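Everything below concerns the one structure shown next.
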Amino acid sequence: MIWSPDSWQQKPAVQQPEYPDRAALEQALAVLKRLPPLVTSWEVNALRSKLAEAQAGQSFVLQGGDCAESFADCESTLIANRLKVLLQMSLLLVHGLRQRVVRIGRFAGQYAKPRSADTETRDGLTLPCYRGDIVNRPEFTVAGRTPDPALLLKGHKYSAMTINFVRGLIDGGFADLHHPEYWNLDWVHHATLAEEYGRRVQSIGESLNFMETLAGQPIGEFRRVDFFTSHEALLLNAEAAQTRQVPRQAGWYNLSTHLPWIGMRTAAVDGAHVEYMRGIRNPIAVKIGPTMSTDWVVQLCEILNPVNEHGRLTLIHRMGAGKIASALPKVIDAVEGKGHKVLWLCDPMHGNTQSTAGGIKTRHFDDILSEVEQSFAIHADCGTRLGGVHLELTGEDVTECLGGARDLTETDLERAYKTQVDPRLNYEQALELALKIAALGARKN
Ligand code: PEP
Ligand code: CO
């Protein structure tokens, strides 16, 4: 089949909303096609090269952010706090791993969610499920749940505002290593790990002074960092509308994000998502779960990266702490055995979701850490390398995941459980995980 940005329409597309007003959908997509893009092909190519370096063992990838962004949370403090925690984590990783870190936000477009059922029934009334703010609204009313094409344009606008603010902060000097105090979160001196973090920052500051003294001048590299964006490429109409050709570059680029990924529920070899993703020039990722056969994963590699381009394909395994030991080694052996070159990331969140007796969706810090620990060990045994992590986290003091240094219990979950979808690591848990990863990676990588 010849690829085009719309060739996916010939294949079964799961997880797509049913828009009752087709004309309004076509109109919104026509507008989306003409709006300026959110990212550029240069940046997309730069990320592909950086991922190739990570694949070659020269850097470590930190990909993180909310499970789903919401329009209501497109707000300066929340965005800045999320950036702060990612910068703090990356600093700990650079220091501990003695390696560069590639920072990729799970933001500026992470508005659509795959769901386990298309509809939801309450008191005899059945309505479409909530698929994220870019599709419909959580309220259980006919108006709230009807997919609305105008939200596609609103999503583009909120993504643009988010990326604009992040770019402004980074380019303005927010990520300057000489000023890690810019990344402090107001309430953090109460955090149990604040002291440990402070010590590392001080030690990095001293090394920086030392190097600049040797160099005889400030080193520009330390004044800014690169930040990239990513989201699950779920709504194919919208992704295709933002897929463009650009002057002096071959091929088609998805210019809504640097790194789009295929979720586990949409990774069918013959499905529309794989068809769409195979044709774009972006680096891409696929989530790999414990129920996916080795043949399936190998076929994905063949279809998505037939020429074995370095930096093109990232496999994000999300097996669960209890399953990774039996599931991951055979996937690695099969992929490597066929000569496919990929970047391996671990998502220790999505295989470790559990419900409390009271029905609250949560994850335990110990399971998350255990999956990361096992990932390092399994890759080392298989002769491959864990090249990074994919996390759901926030810069806020929420109580959504259990455990961690403060040992959050089920009763604590009631205090600040804010997520509409999956439970996120809070600021302290995220920092603790970064410290642990830095220690583990320094040993194994
Ligand atoms: C997600 O990343 O929020 C998600 C739904 O993950 P997965 O596709 O791995 O289940
Ligand atoms: Co999630």
TODO: Quick one: among W42, W183, W344, which has the greatest mean-square fluctuation in a GNM of the chain with alpha-carbon springs under 10 angstrom?
DONE: W42
- [ ] Measure out, as a whole number of angstrom, how far apart the alpha-carbon centroids of the stretch 220-284 and the stretch 311-365 sit.
- [x] 21 Å
TODO: Subtracting the Cα-Cα distance from 0.36 nm times the residue separation, let me have the gained length for Q217 to R167 in nm, one decimal.
DONE: 15.4 nm
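How long is the gain from A23 to D176 if the chain were fully straight, where each residue apart is worth 0.36 nm and the alpha carbon distance is subtracted? Provide the component values of the computation, followed by the final result.
Values: separation 153, 0.36 × 153 = 55.08 nm, distance 4.80 nm.
Contour length minus the Cα-Cα distance gives 50.3 nm.
Using a 1.4 angstrom probe, figure out how much accessible area the chain has per residue, in square angstrom, rounded to the nearest whole.
Values: 18480 Å² over 445 residues.
Each residue of the chain exposes 42 Å² on average to a 1.4 Å probe.
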Open item on the list: Name the residue from I288, V342, V389 whose Cα lies farthest towards the positive end of the charge dipole of the chain, charges +1 on Cβ of Lys and Arg and -1 on Cβ of Asp and Glu.
Closed with: V342
TODO: Calculate I(q)/I(0) for the stretch 17-125 by the Debye formula, one identical point scatterer on each C-alpha and no solvent, and give its log10 at q = 0.24 Å⁻¹ to two decimals.
DONE: -1.32
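Apply the membrane-span-like helix rule to the chain: whole DSSP H runs, Cα extent along the own long axis of at least 27 Å, mean Kyte-Doolittle hydropathy at least -1.0. List the helices found. The partial results should precede the final answer.
On the way: long enough: 76-97 (31 Å, 1.17); 150-172 (33 Å, 0.44); 194-215 (31 Å, -0.45).
Span-like helices, by this rule, are 76-97, 150-172, 194-215.
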Open item on the list: About the Cα centre, and with charges only on the beta carbon of Lys, Arg (+1) and Asp, Glu (-1), how big is the dipole of the stretch 7-444? Nearest 20 debye, please.
Closed with: 1260 debye
Task: Dipole of the chain [Lys/Arg +1, Asp/Glu -1 at C-beta], most positive-end residue of V85, S355, P423 - done: V85
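If you take every DSSP beta bridge whose two residues both sit in the chain, what share of them, in percent to the nearest 5, is antiparallel? Before the final figure, lay out the partial values.
On the way: 9 of 41 bridges.
So the antiparallel bridges amount to about 20 percent of the total.
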Open item on the list: I need the peptides 144-156, 411-423, 85-97 ranked by packing, meaning the mean over residues of other C-beta atoms within 10 angstrom, with the highest value on top.
Closed with: 85-97, 144-156, 411-423
Open item on the list: Please check: in the Gaussian network model of the chain (C-alpha springs, under 10 Å), which one of R106, R137, R424 has the largest mean-square fluctuation.
Closed with: R137
Task: Reachable lysines, given that their alpha-carbon falls under 21 Å from the alpha-carbon of K33 and they are not under 8 places away in the same chain - done: K154, K157
Task: Per residue Cα convex hull volume in Å³ - calculated over the chain - done: 149 Å³
Task: Solvent-accessible area of K11 with every protein chain in place, 1.4 Å probe, in Å² to the nearest 10 - done: 60 Å²
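Express the relative contact order of the stretch 7-444 as a whole percentage, based on alpha carbon pairs under 8 Å and six or more residues apart in sequence.
Numbers: 809 pairs, mean separation 93.5, N = 438.
Relative contact order here is 21 percent.
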Task: Under 25 Å from the Cα of K436 - lysines, other chains or at least 8 residues apart - done: K50, K84, K287, K323, K361, K444
Open item on the list: Between V246 and D333, what is the label-point separation in nm under the 7 Å Cα-to-beta-carbon projection?
Closed with: 4.2 nm
Task: Calculated log₁₀ intensity ratio I(q)/I(0) where the Debye formula runs over C-alpha points of the stretch 305-364, q = 0.17 Å⁻¹ - done: -0.66
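For the stretch 181-313, which whole percent of the accessible surface, found with a 1.4 angstrom probe, sits on carbon and sulfur atoms?
Working: 3050 of 5920 Å².
Roughly 52 percent, rounded to a whole number.
Tell me, in nm to one decimal, what length is gained between K418 and S76 on full extension, where the rule is 0.36 nm per residue of separation less the Cα-Cα distance?
On the way: separation 342, 0.36 × 342 = 123.12 nm, distance 1.76 nm.
Full extension from K418 to S76 adds 121.4 nm.
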Open item on the list: Compute a Gaussian network model of the chain, connecting alpha carbons closer than 10 Å, and tell me which residue from L425, L208, L369 fluctuates the most.
Closed with: L208
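The values are calculated or read from the model by the stated rules, or taken from the named source; none is laboratory data. None of the values given here were measured: they were computed from a predicted structure. Glycine gets a Cβ as well: all are built from the backbone with ideal geometry, and neighbour counts include every protein chain shown. These area figures cover heavy atoms from the full protein model, side chains too; ligands, DNA and RNA do not enter into them. Shrake-Rupley method; radii C 1.70, N 1.55, O 1.52, S 1.80 Å.
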